[in-house]
Every structure is written in C-alpha cells, then in structure tokens.
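Worksheet for the structure shown next.
The values are calculated or read from the model by the stated rules, or taken from the named source; none is laboratory data. Just so you know, these numbers come straight off a predicted model, no measurement behind them. Note that each Cβ is placed from the backbone with ideal geometry, even for glycine, and that neighbours are counted across all protein chains shown. What goes into the accessible areas is simple: the full protein's heavy atoms, side chains included, and nothing from ligands, DNA or RNA. Shrake-Rupley method; radii C 1.70, N 1.55, O 1.52, S 1.80 Å.
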Amino acid sequence: MSETDGAPASALVIDLLRALDEAGILYCHWKSNEAIASSLVAENDLDLLIARGDASAFNAVVHDLGFRVARPSTARHVPGMVDYFGYDDMWERMVHVQAHYQLVLGDDMTKNFRLPVEQAYLEAREFDGPIAVANPDFELLLFVVRMVLKHCPWD
C-alpha cells in the first residue's frame, strides 16, 4: 500500500494506477494536483487525462476493476470526458474517476474551449509517488488559462 501525506492510499486507486502502468496507458492527473493526497484516498475525484489512442485500453482496465460509467444529463455533458465510479472495500467509499480524453476548459456550466495540447501535456508528465502528474510548467500554464476562461467577464 502506498502512503501519501501519512494517509494510506485507496487500494482501488492504487490498483487502478498499477493497471494503467502495466497496460502502458499514457495518462496523468491533470488538474487539482494540490489536492492529490485527497484524490489518492478517494476523498476527491481523480481527474485523469488519457491519451485518446489509449481510450479502449483504459475502458477495459476500469471495467476489469469493477468501475461503472455514470452518464450526466445532456445539459451537463462535457465533450471528451467520461465519469467512472468504483467501490473501494477497504475505505468503504466510492472512487470517482473523471477520464478526460481532450482538454476542454471554461466555466463549470459552459466548458467549450478545447486546447489541442493533450499529447505534449502527457509526454511531459512526471511521477509523484504512485501517480503520474502534469509537468509543473504545463500545469501552471493550463491553470492560468483555465482560470481566465472560468472567470472571464464576457462569459
């Protein structure tokens, strides 16, 4: 079992990360990395950017681990994003994975800007313990763009 900030990580999350690595799936945790410890213990959702070419393999991995797809209403659907939920027996709580296959940004209700930099973002990833995370330079750049789009006055 892995340790993050003193709390043991969710067994299901660790199983997922290991399975992604073993399957050679290119991914990284792409936003809210300041809360990565909460994501690893299933207190927060796990926002994973997945290489589009690995979408089928990713779906097979999460299915094999018992995750199920949750579909939002049409009005709340974000292009290129799929929600999965799995149950962690050890923590007796749900694990929520948001799989992003493209970087779609904007206000929470109107995500409508796509930045086609997914492959470069993924190729620059780094590992923080058991999980791949964004390169800090990419993360800062994308954070600034996300906040401008989220809080822009003309929206």
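How big is the charge dipole of the chain about its Cα centre, in debye rounded to the nearest 20, if each Lys and Arg gets +1 on its Cβ and each Asp and Glu gets -1 on its Cβ?
Computed charge dipole of the chain: roughly 700 debye.
With 10 Å bins from zero, work out the P(r) of the chain over every alpha carbon pair and list the percent per bin.
Pair shares across the bins are 11, 41, 37, 11, 1.
Based on DSSP H assignment, which helices of the chain show an axial Cα extent of at least 18 Å together with a mean Kyte-Doolittle hydropathy greater than or equal to -1.0?
136-151
What is the log10 of I(q)/I(0) for segment 9-76, computed with the Debye formula using one identical point scatterer on each Cα and no solvent, at q = 0.20, 0.25 Å⁻¹?
-0.92, -1.27
Can you sort Phe138, Phe143 by 1.4 Å-probe accessible area, starting with the largest?
I get Phe143, Phe138, largest accessible area first.
Tell me, what is the 1.4 Å probe accessible area of Glu43, in Å² to the nearest 10?
130
Got a number for the accessible area of Ser32? Probe 1.4 Å, square angstrom, nearest 10.
Surface open to solvent at Ser32 totals about 40 Å².
For the chain, report the accessible area per residue in Å² (1.4 Å probe, heavy atoms, rounded to an integer).
53
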